[in-house]
Amino acid sequence: MPSTKTRLLLAEDDPAMVELLRFTFEKEGFDVVSTPSGEEALLLASESPPDIVILDWMLEELSGIEVCRRLRRTSGSSNLPIIMLTARGEEADRVRGLETGADDYVTKPFSPPELTARIRAVLRRLRPALAGMVLSVGDLELDMASYKVRRGGTAVAVGPTEFKLLRHFLEHPGHVFSRERLLDAVWGRDSDIEARTVDVYVRRLRRAINTPGKDDLIRTVRSAGYALDAEA
């Protein structure tokens with residue numbers, strides 16, 4: 001069964017703040033990884049892509065604003081939800097943070113419940129599967145709350161890895177992913193799985209969701225990879 005936890009990367013150099021936020025986020029069901037370093041934040045985001053990044057403006061080695069800028073310039077993290085934390089309350093600073101690519105901006109001091117609510121709001125907007133909502137393409141549905149997959153209203157049985165693969169496709173409908181990108185997203189960069197193994201799981205997913213009389217929703221793009229859309 002896929003993990004229910006949302007992966008959260010917290011880049012913050014204040015130990016007391018890290019302790020408070022880690023306690024709050026873990027209590028809310030997040031899987032938290034933290035670092036005080038901007039350089040390490042980029043490395044962590046690359047090695048094990050999180051579902052959302054909470055990024056302090058002032059960090060060791062590399063500023064939060066530069067980390068945000070680089071994440072947005074990297075294909076694997078260009079759509080990653082990012083919330084900036086800062087003691088800077090001036091409008092010009094807020095504008096700069098948002099123009100750099102942050103999805104939201106929270107000024108210190110703030111209450112942990114407020115930040116948690118802002119995180120939930122960003123996830124509902126940008127990553128609905130992580131907010132317990134139903135993702136769908138055509139007549140195919142994936143319900144993150146119940147971990148059920150349905151095609152035309154009929155339940156479909158899929159394995160844990162196929163579930164994660166389908167979730168990734170449904171979060172990015174119509175987007176073509178190479179085998180390598182799918183490996184990073186579903187298995188993680190530390191995995192020793194070979195790229196060709198992706199083909200095996202795509203075939204399994206196809207068999208599961210393409211029930212008799214239904215169109216094949218998974219599109220194979222020669223020399224590029226796979227996509228899922230209603231007109232595959």
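Please work out if ASP31 is of a type in the set (Asp, Glu), at negative phi and surrounded by 17 or more Cβ atoms within 10 Å (Cβ to Cβ).
The answer is no for ASP31.
Out of the range 151-201, which residues are touching a Ser or Thr at 6+ places or on another chain (Cβ under 8 Å) and either within 24 Å of GLY213 (Cβ to Cβ) or acidic (Asp, Glu) (or both)?
ARG151, GLY152, THR154, VAL156, LEU170, ASP190, TYR201
So how many residues does the range 44-74 have that are over 19 Å from ARG7 (Cα atoms), of a type in the set (S, T, N, Q) and outside any loop (DSSP other than H, G, I, E, B)?
Within the range 44-74, residues that are over 19 Å from ARG7 (Cα atoms), of a type in the set (S, T, N, Q) and outside any loop (DSSP other than H, G, I, E, B) number 0.
Just so you know, all these numbers are worked out from the coordinates, no wet-lab data involved. Keep in mind it's a predicted model, so treat the numbers as computed, not measured. Because the Cβ atoms are built from the backbone with ideal geometry, glycine has one as well, and the counts that use them run over all protein chains shown.
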